Structures are given as C-alpha cells and as structure tokens.
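Reviewing the structure listed below.
No value in this document is a laboratory result; all are computed from the given coordinates. Nothing here was measured: the structure is a model prediction, and the numbers come from that model. Neighbour counts are summed over all protein chains in view; Cβ atoms, including those assigned to glycine, are modelled from backbone coordinates with ideal geometry.
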Amino acid sequence: DGGKRQLIIPPELAYGDKGMEPLVFPGAIILVEVELVGIK
C-alpha cells in the first residue's frame with residue numbers, strides 16, 4: 001500500500017543562492033509532494 005508525503009527542501013539542499021530562474025528563484029524553499037503507489 002502507498003502513502004503520500006510532503007517534502008520541504010531548504011535552499012542549501014536545493015538550488016541555493018543561484019536558483020534556476022525563471023522557474024526557481026534564488027534562495028527558494030522547494031516543496032515536493034510524493035506518492036508511493038506500489039512496490040515491485
């Protein structure tokens with residue numbers, strides 16, 4: 001059975017002070033939602 005989790009990734013573990021403009025601004029906190037739907 002699966003589950004959902006929300007990950008909060010601080011800038012120093014993501015894109016840092018450089019960012020990836022225009023999609024990710026410098027110093028941005030990244031929020032990711034992942035869902036496990038199955039295991040083989």
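A few comments on the model shown:
- Dipole magnitude for the chain: computed about the Cα centre from +1 point charges on Lys and Arg Cβ and -1 point charges on Asp and Glu Cβ, it is near 140 debye.
- Shown in residue order for region 31-39 are the 3J(HN,Hα) couplings computed by the Karplus curve 6.51 cos²θ - 1.76 cosθ + 1.60 at θ = phi - 60°: 10, 10, 10, 10, 10, 8, 9, x, 10 Hz (x for Gly and Pro).
- Relative contact order of the chain, taken over Cα pairs closer than 8 Å and 6 or more residues apart, is 52 percent.
- Dipole of the chain, positive end: most advanced residue of 34, 14, 24 [Cβ charges, Cα centre]: 34
- Inverse of mean 1/r across different Cα pairs in the chain, Kirkwood, Å: 11.4
- Distance in nm between pseudo-label sites at residue 8 and residue 33 (7 Å out along the Cβ direction from Cα): 1.6
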